[in-house]
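Below is one structure, written out as structure tokens; the observations come after it.
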Amino acid sequence: PVIRRADYRPPAWLVPEVALDFALGLDATTVRAELTVRRNPAIDRAPLRLAGDGIAARAVTVDGLPSNAWRMDGADLVIDLPGAEHRIGIETAINPAANSQLMGLYASGGMLCTQCEAEGFRRITFHPDRPDVLSVYRVRLSGDKARFPVLLANGNCIATGDHGDGTHWAEWHDPWPKPSYLFALVAGDLVATRDRFTTMSGRAVELAIWVRPGDEGRTAHAMRSLIQSMRWDEEAFGREYDLDLFNIVAVSDFNMGAMENKGLNVFNTRYVLADPETATDGDYDAVEGVIGHEYFHNWSGNRVTCRDWFQLSLKEGFTVLRDQLFSAAMGSEPVKRIEDVRVLRAAQFPEDSGPLAHPIRPDSYQEISNFYTATVYNKGAEVIRMMRTLAGPERFRAGCDLYFARHDGEAATCEDFIRAIEEGAGLDLTQFRLWYSQAGTPRVTARLDHAGDTATLHLAQQVPATPDQPSKQPMPIPLRIALLDRATGRHAGEHLVVLDTAEARFDFPGHAQPPVLSINRGFSAPVALDAGQSDADLVFLAAHDDDPFARYEALQRLIVGHLTGAIDGTLDAAGRQAGREAIGGALAAVLDDPALDDLMRGELLILPAESYLAEQVAAADPVSIRREREALKAWLADRLADRFLALHDRAILVPYSLDAAARGARKVKTQALVYLAAGRPEEAARRAAAQYDAADNMTDRQGAMMVLCGLDTPLRAQKLADFHARYAADALVIDKWFSLQAGSLHPAALDHVRALAGHPDMTLTNPNRVRSLYMAFAANAGAFHAADGSGYRIIADLILALDPLNAQTAARFVPPLGRWRRIDPGRAALMRAELERILAAPRLSRDTYEQVSRSLG
Ligand code: ARG
Ligand code: ZN
């Protein structure tokens, strides 16, 4: 059944109050729900329809009396009600230990927890379970004291007690009306790290981060990040926290990253636990970003929620933008921007160019879990960032203020957000709305002419056809540009040019000589750009551009241009040599530049990803992409060997700390090894093993292990064994052990994956572990795209095995197989065959069915 945005109807019944009583048990939990329901006066009379999923009603009461006036309609419970307001009582029984889908109430490592977004609440009790039905919740939890010493739910704890029979209870009340997807409970043996925060208006908030006993030494960074998030949201957006309590719980079995349940955020352990021995600098950043993200949802998501799931980007796009701005403010703004763009290109551009392309506000779905995508999240953030660029930060803030004030306590739409920004910021976003309805990455062509004293910029845009959207209209594309003087490298100021037609020209007088174009500075628009610039101009920009992103981008374009020419065979020997010399010169400048900090230097040294290169060629042959990229790396390693060795020698001396200089040193240290591994493998292996042995932190150890994993050396197996033995008790680090091998450049990576699939530590019931092996593998083009199709078969077999256990996670493995249209015809046929094999399986979940059928087209 396809759900369509155009079919939205307001709910016939509202549920102002929900009271839940849980008698908790790992394999048997009884739920008594009492819903106060009120007829929506704006809607025609209709029976009360409550959604359920895999549950049965044991008993139903209406206004306190046993009732027979109900029936099941499929999974829905339907009650004919005579009046305008009633109290409905429903008892259900669930088995959390048997819930392998990890949606609804489930058991994880002996504790109980919930995940209700998007439609998990209906697996707990019958309810409208749609985000435009907001209720005040009162929750009573009771259970065994020894097994569940800690009992948590949303809001404030208002009473606790002991039954005197080995069980105890707690009652929670959340004063803020919320949709059912924000409901949460946690029960288990947990320990808290505590702190306090005083809000800008003086409210004292108790903060607690709950983890399994033994993990409490790894919460300091998460707590610091939470406090910084709370302060930053006050300063940057004027948003204050609104309860006396803020709880975070870390859970090992979790489908996604984390969940913003009101006052009780539930997190995947990987986004909470961090200490230097087990977490890399990247992990630290991810913890900070996700802690911020979930906290910021308290306003962008909870106080103002979504009317329906088509509006998901209303909360997710906006909240991603907010977490990006937060992380930028906590660290290096340009480095953060480069990282965000790298993620967009690696994860979202392929969505936009593939069979699963959808607008940030989709028009239809079968299973909403499939739309928690890089498009809704990351492109959604880019779209709101463009509004901010158009308005400027102050006026954008005024628009946000108006949005929060106007829609507080409501379930809103993307249109509501756009209108608030229009009015609050004073913008006309009429045409801009196309960014919400049109899928596909716009292609922008830019050419700069010069005549007399005027430079003329010619721009053209084209939005490619996507499934269900054959023809597109031009969109407003804000491009920050500067014209650099060739002699001095300087410019007279930045311009914001908005391309809102298919073609346009812009004149810039006052240039006696032809300037060099710096365009899409700061990545002001999420587009694919063809600026037709010479290698010489790109080298110039890489050396002189004052916009750090543009400088990075010039270098990337230089390398992408060279590699795509090498991959598609249009580059002759002389061109290849000239390209390599140009890139080598530019990277030498990066390595030598004393004004660059190492975090930025490390960023500039990262070659464009294989997945991004694959997007740039018509029918990608993953083997030649890998070959050419590695060949360039080897050539650079050889040409710049002294510099890379010196860089490694310098960086290895910097002692561990979390400050930017030390983090930068760790980044370039492993970057140097990555290059050396391609050109000087023995030297690289020796140094990597030494770095591994000397490491006092996971960044250095993982970096060294990664380099060794790609090399043919006895040190590889030796250090892998050491790594496993050292961290055998730490699931998150064992995940890294799987990922490092599955994602390696080693020619036998596919065989390694096959062996690891049978490793005793492998399990299909833990999503982190499944992803650690199979996502890393699916992203490893050299192994996944084995010419005989065996890589595709491994992923298809995984999907089939995982689908009955955890449909949501299984469906996430379909997109790699769905890229068949952009791969050479031989492989494409093998990929299609696997998709068809999946589709032929009986009892496929709605999640996997939708992704596979869309992928086949
Ligand atoms: N709202 C959560 C976040 O963005 C994501 C939860 C989605 N979960 C799911 N099972 N679909 O942080
Ligand atoms: Zn979110």
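The values are calculated or read from the model by the stated rules, or taken from the named source; none is laboratory data. Computed from a predicted structure; not experimentally measured. Because the Cβ atoms are built from the backbone with ideal geometry, glycine has one as well, and the counts that use them run over all protein chains shown.
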Could you list all residues from segment 704-735 that are touching a residue at least 60 places away in the same chain (Cβ under 8 Å) and either in a helix (DSSP H, G or I) or touching a Lys or Arg at 6+ places or on another chain (Cβ under 6 Å) (or both)?
A731, L732, V733, D735
Could you grab me the full set of residues in segment 291-303 that are crowded, with 24+ Cβ neighbours inside 10 Å and within 16 Å of G409 (Cβ to Cβ)?
H297, N298, W299, S300, G301
Quick check: anything in segment 262-279 out of contact with any helix residue (DSSP H, G or I) (no Cβ under 8 Å at 6 or more places or on another chain) and of a type in the set (F, W, Y)?
no
Subset of segment 749-780 [assigned to a helix (DSSP H, G or I) and over 22 Å from the mean Cα position of the chain (by Cα)]
A749, L750, D751, H752, V753, R754, A755, L756, A757
Out of curiosity, is A93 farther than 22 Å from P149 by Cβ and within 16 Å of ligand 2 (Cβ to nearest atom)?
no
Output the residues belonging to segment 166-182 that are in contact (Cβ under 8 Å) with a residue 24 or more places away in the chain and in a loop (DSSP other than H, G, I, E, B).
P179
Every residue in segment 235-290 that is over 26 Å from G664 (Cα atoms), without any contact (Cβ under 8 Å) to a residue 60 or more places away in the chain and β-branched (V, I, T), please.
I248
Got a sec? Which helices (runs of 4 or more DSSP H) wholly within segment 309-409 have at least 3 residues that are within 16 Å of ligand 1 (Cβ to nearest atom) and hydroxyl-bearing (S, T, Y)?
312-330
In segment 61-92, which residues are assigned to a strand (DSSP E or B) and loosely packed, with under 12 Cβ neighbours inside 10 Å?
L65, P66, R71, D73
Conditions: (1) closer than 25 Å to R680 by Cα; (2) touching a strand residue (DSSP E or B) at 6+ places or on another chain (Cβ under 8 Å). A620 meets all but one. Number of the miss?
(1)
Output for segment 222-271, where each listed residue is in contact with a Ser or Thr (Cβ under 6 Å, 6 or more places away or on another chain) and within 14 Å of ligand 2 (Cβ to nearest atom):
N255
If E117 satisfies every condition in (1) over 20 Å from S142 (Cα atoms); (2) among the charged types (D, E, K, R); (3) away from ligand 1 (no atom under 16 Å from the Cβ); (4) surrounded by 15 or more Cβ atoms within 10 Å (Cβ to Cβ) but one, which is the exception?
(3)
Please specify each residue of segment 98-114 satisfying the condition of being surrounded by fewer than 24 Cβ atoms within 10 Å (Cβ to Cβ) and either at pLDDT below 95 or near ligand 1 (Cβ under 10 Å from one of its atoms) (or both).
Q101
Looking only at segment 40-60, count how many residues are surrounded by 12 or more Cβ atoms within 10 Å (Cβ to Cβ) and either closer than 16 Å to A93 by Cα or small (G, A, S) (or both).
10
Could you tell me whether N302 is polar (S, T, N, Q), within 14 Å of ligand 1 (Cβ to nearest atom) and out of contact with any helix residue (DSSP H, G or I) (no Cβ under 7 Å at 6 or more places or on another chain)?
no
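Conditions tested, residue by residue: (1) assigned to a helix (DSSP H, G or I); (2) out of contact with any helix residue (DSSP H, G or I) (no Cβ under 6 Å at 6 or more places or on another chain).
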residue: G782; (1), (2): yes, no
residue: D788; (1), (2): no, yes
residue: Y792; (1), (2): yes, no
residue: D797; (1), (2): yes, yes
residue: A801; (1), (2): yes, yes
residue: P804; (1), (2): no, yes
residue: Q808; (1), (2): yes, no
residue: P815; (1), (2): yes, yes
residue: R819; (1), (2): yes, yes
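Residue-wise test of (1) under 30 Å from Y692 (Cβ atoms); (2) crowded, with 17+ Cβ neighbours inside 10 Å; (3) small (G, A, S).
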site	(1), (2), (3)
T198	no, no, no
E206	no, no, no
W210	no, yes, no
E216	yes, no, no
A220	yes, no, yes
W232	no, yes, no
T269	yes, yes, no
Of the residues that make up segment 357-376, is at least one touching a residue at least 24 places away in the same chain (Cβ under 8 Å), polar (S, T, N, Q) and in contact with a strand residue (DSSP E or B) (Cβ under 9 Å, 6 or more places away or on another chain)?
yes
Kindly indicate whether E288 is away from ligand 1 (no atom under 13 Å from the Cβ), modelled with pLDDT of 95 or more and crowded, with 24+ Cβ neighbours inside 10 Å.
yes
Can you tell me which of (1) in contact with an Asp or Glu (Cβ under 8 Å, 6 or more places away or on another chain); (2) within 23 Å of A279 (Cα to Cα) is the one R716 doesn't meet?
(1)
Restricting segment 276-308 to residues that are part of a loop (DSSP other than H, G, I, E, B) and near ligand 2 (Cβ under 10 Å from one of its atoms), the one farthest from A258 (Cα to Cα) turns out to be G301
From A634, A595, A618, A614, grab the single residue that is closer than 25 Å to A781 by Cβ, in a loop (DSSP other than H, G, I, E, B) and either in contact with a Pro (Cβ under 8 Å, 6 or more places away or on another chain) or small (G, A, S) (or both).
A618
Over segment 524-550, the set of residues in a helix (DSSP H, G or I), touching a residue at least 24 places away in the same chain (Cβ under 8 Å), in contact with a strand residue (DSSP E or B) (Cβ under 9 Å, 6 or more places away or on another chain) and not hydrophobic (A, V, I, L, M, F, W, C) is H544
Inside segment 120-135, the number of residues satisfying the requirement of being out of contact with any Gly (no Cβ under 9 Å at 6 or more places or on another chain) and either within 16 Å of ligand 2 (Cβ to nearest atom) or not acidic (D, E) (or both) is 5
For segment 782-811, which residues satisfy the criterion of being without any contact (Cβ under 8 Å) to a residue 40 or more places away in the chain and within 16 Å of R854 (Cα to Cα)?
A810
Residues located in segment 642-676, provided they are without any contact (Cβ under 8 Å) to a residue 40 or more places away in the chain, outside any loop (DSSP other than H, G, I, E, B) and either among the hydrophobic types (A, V, I, L, M, F, W, C) or touching a Pro at 6+ places or on another chain (Cβ under 8 Å) (or both)
L645, A646, A662, A672, L673, L676
Criterion: buried (at least 17 other Cβ atoms within 10 Å of the Cβ), over 27 Å from D696 (Cα atoms) and touching a residue at least 60 places away in the same chain (Cβ under 8 Å) - qualifying residue of L632, L607
L632
